[in-house]
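The values are calculated or read from the model by the stated rules, or taken from the named source; none is laboratory data. Keep in mind the model is a prediction, meaning the values are calculated, not measured. Counting neighbours? That spans all protein chains shown, and the Cβs are built from the backbone with ideal geometry, glycine included. Protein only, heavy atoms only, side chains kept; ligands, DNA and RNA dropped before computing areas. Shrake-Rupley method; radii C 1.70, N 1.55, O 1.52, S 1.80 Å.
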Amino acid sequence: FIKFKLSWIRRKVKSSSFFQHPYTFTTEILKLVENYPRPALDCLMNLLDSHDTERVLTLLAFDNPESIPVEQRPTYKLSDEQYQKAKYLLKFASFIQFTLPGVPCIYYGDEIGMYGFRDPYNRLGYTHDNIDKDLLNHYIELTTFRNENKTEFITNDTDLVVVSGNKDKSSNIY
């Protein structure tokens, strides 16, 4: 699920096709949802990264994080352009993460902008002196929204509703 969301977001958000054809995204999400019984959907851990993967900002900053030589990874710093691009995509991905059925799970540090390559560089200590307040506020807003509307995210036997909008202000409900 993580790999689908992140690779789809990297491909589609970069191109104009995402904004022209939101039903493609809807179809892909519905395909995933159809593979789980409704009660299981409510318990799924919706992760964007974990201790087993590169940090999400790193995954979103590079088409292939493995292209960075191993000897450069311990001290690698994203450029401002790389960071801003990855942050934009992370805000989009986290919005999806928090509005799908299941339990949105944040790997420590994602909410403040920590990045890093695969183990052991994804397990560094929490950075108290380098907090991206804009990103932190984004996550605070998402968690507040989710908590205030938690009963709306329980699937039970109800239909999953996906609403997509277009530039022309039209919308579709699936």
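Taking 0.36 nm per intervening residue step and subtracting the Cα-Cα distance, what contour gain separates Phe153 from Gln72 on full extension?
This chain segment gains 24.9 nm when fully extended.
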**Prompt:** How would Lys87, Lys150 line up by accessible area, probe 1.4 Å, largest first?
**Reply:** Lys150, Lys87
**Complete:** The extension gain from Leu32 to Asp52, computed as 0.36 nm times the residue separation minus the Cα-Cα distance, is 5.0 nm
**Request:** Any chance you could run the full-extension gain for Asn64 through Asn130? It's 0.36 nm times the residue separation minus the Cα-Cα distance, nm to one decimal.
**Result:** 21.2 nm
**Message:** With a 1.4 Å probe and all protein chains kept in place, how do Met45, Met114 rank by accessible area, largest first?
**Reply:** Met45, Met114
**Sequence-distant aspartates and glutamates (8 or more away, or on other chains) whose Cα lies within less than 12 Å of Lys87** = Asp110, Glu111, Asp132, Asp134
**Prompt:** So which of Lys85/Lys150; Lys85/Lys133; Lys31/Lys133; Lys31/Lys85 end up more than 24 Å apart by C-alpha?
**Reply:** Lys85/Lys150; Lys31/Lys133; Lys31/Lys85
**Fill in**
Measure of exposure for His51: accessible area at 1.4 Å probe, Å² rounded to 10, is 80
**Complete:** The rounded separation in angstrom of the Cα centers of region 82-150 and region 29-51 is 18
**Request:** Within the set of other residues whose C-beta is less than 11 Å from the C-beta of Ile68, count the net charge using Lys and Arg as +1 and Asp and Glu as -1.
**Result:** -1
**Item:** Whole-number percent relative contact order across region 12-151, with pairs defined as alpha carbons under 8 Å at least 6 apart
**Value:** 31
